[in-house]
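The values are calculated or read from the model by the stated rules, or taken from the named source; none is laboratory data. Only a predicted model underlies this, so the values are computations on that prediction, with no experimental measurement involved. Note: ideal-geometry Cβ built from the backbone for every residue, glycine included; neighbour counts use all protein chains shown. The area values use the complete protein model at the heavy-atom level, side chains included, leaving out ligands, DNA and RNA. Shrake-Rupley method; radii C 1.70, N 1.55, O 1.52, S 1.80 Å.
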Amino acid sequence: MDVCVAYGFENMSHVETWKGNEFIALASDVSFDYPVGGFYSGYYAMMVTRHMKEFGTTVEQMAAVSVKNHRNAYHNPYSQKRNRYTIADVRNAPMVAWPLTRLDICVMSDGAAATIFASEEGIKRLEAAGGEDSQAAGQGDRHRSRHRRHAHGRSAACRLRHLHERLRHGAGAELRGHTRLLPEALEARHPVPRGALVPGRPHGGEHGLPRAGIKDPLSELDFVELHDAYTSSEIQTYEDMGLCRYGEGGPFAASGKAHMPSVDYGVKLAEKPRCAVNPSGGLIACGHPVGATGLMQGVFAIWQLQGTVGKHFGDATLQVKDARRGAIHSHAGTGTYVSVSILEREA
């Protein structure tokens with residue numbers, strides 16, 4: 001095929017919230033995670049309390065993620081929640097699973113998204129018809145939470161599967177697999193010494209970014225659309241993707257480095273924006289219609305690279321200036337499935 005369409009959708013409003021949560025939780029490890037917890041909010045609350053214990057991450061730092069993403073979404077007409085919250089608003093919201101409040105968590109949504117994939121020949125056809133091209137490269141892996149290394153240092157014998165496959169017709173994309181030990185539970189999962197740089201971790205970020213030739217994501221990416229189902233997962237993914245060092249996700253969240261220079265966040269930021277994270281508003285504000293979420297991120301990323309955010313939103317506030325390269329990150333389960341794609345506008 002030279003040109004094909006990928007689409008996803010979800011109608012989550014057709015069931016009660018508890019039933020929707022149950023359906024979603026079945027994407028976790030059903031033989032281990034699901035029987036002992038049931039809902040994701042409990043899983044992620046346990047992960048972040050460990051992160052807080054090991055690294056001193058604060059609830060205010062998590063709330064800074066919510067404030068950032070909601071205030072970005074205020075300028076996005078496709079978002080489900082367009083509100084200007086403060087740190088106090090987030091912390092005073094109803095508690096769901098300590099320390100996560102309702103405003104720390106994404107909401108169930110109805111939604112759909114579609115993207116077009118093309119071979120080199122298909123791209124020529126699209127360009128001739130007035131389309132614009134982006135290139136992508138990335139990798140996704142899967143693992144079960146009980147196969148991660150434990151705090152006492154032992155690792156399970158399970159290793160990732162080989163993925164020896166190349167996408168020969170994917171607009172320059174290449175996908176390769178490695179076999180490595182599964183990661184610990186606090187990259188969003190298991191404690192690593194504060195400030196440590198841990199090369200070769202088999203998460204989507206560690207796989208996809210080096211393959212795309214990216215050594216310093218904070219400097220080499222113009223934006224990231226990141227899977228922020230929880231404010232805590234955004235903080236922990238900063239670390240996994242190499243936007244900051246392990247243990248420094250909390251301070252990074254509040255620093256201003258992941259913010260947009262054109263948005264008023266209602267607080268004085270200590271540092272200038274470096275790489276906008278979730279300029280769309282992310283899952284927390286845009287919603288999380290599960291079957292459409294990953295493609296939703298792709299759509300927003302392509303608009304950024306095309307420089308057409310103002311056209312589609314009717315407001316150019318969220319347009320990353322001269323965006324040439326961005327990343328989309330998505331995961332499912334308790335970090336069970338992770339994918340990172342790098343999209344780059346051709347010179």
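Note on Arg324 and Ala347: the extension gain reaches 7.4 nm, defined as 0.36 nm multiplied by sequence separation minus the Cα-Cα distance. Estimated from the Cβ-Cβ distance and a Förster radius of 35 angstrom, the FRET efficiency linking Thr17 and Leu126 is about 0.30. Taking all C-alpha pairs of region 233-347, those more than 26 Å from each other amount to 18 percent. Ligands, DNA and RNA are left out, and with a 1.4 angstrom probe the accessible area of region 259-347 is 39 Å² per residue. Work out the P(r) tail for region 1-61: percent of alpha carbon pairs separated by more than 19 Å, whole number. I get 54 percent for the Cα pairs in region 1-61 exceeding 19 Å. Surface composition of region 11-80: carbon plus sulfur atoms hold 58% of the accessible area, using a 1.4 angstrom probe and ignoring ligands, DNA and RNA. Annotation: per residue accessible area for region 25-81 equals 39 Å², rounded to a whole number [probe 1.4 Å, protein chains only].
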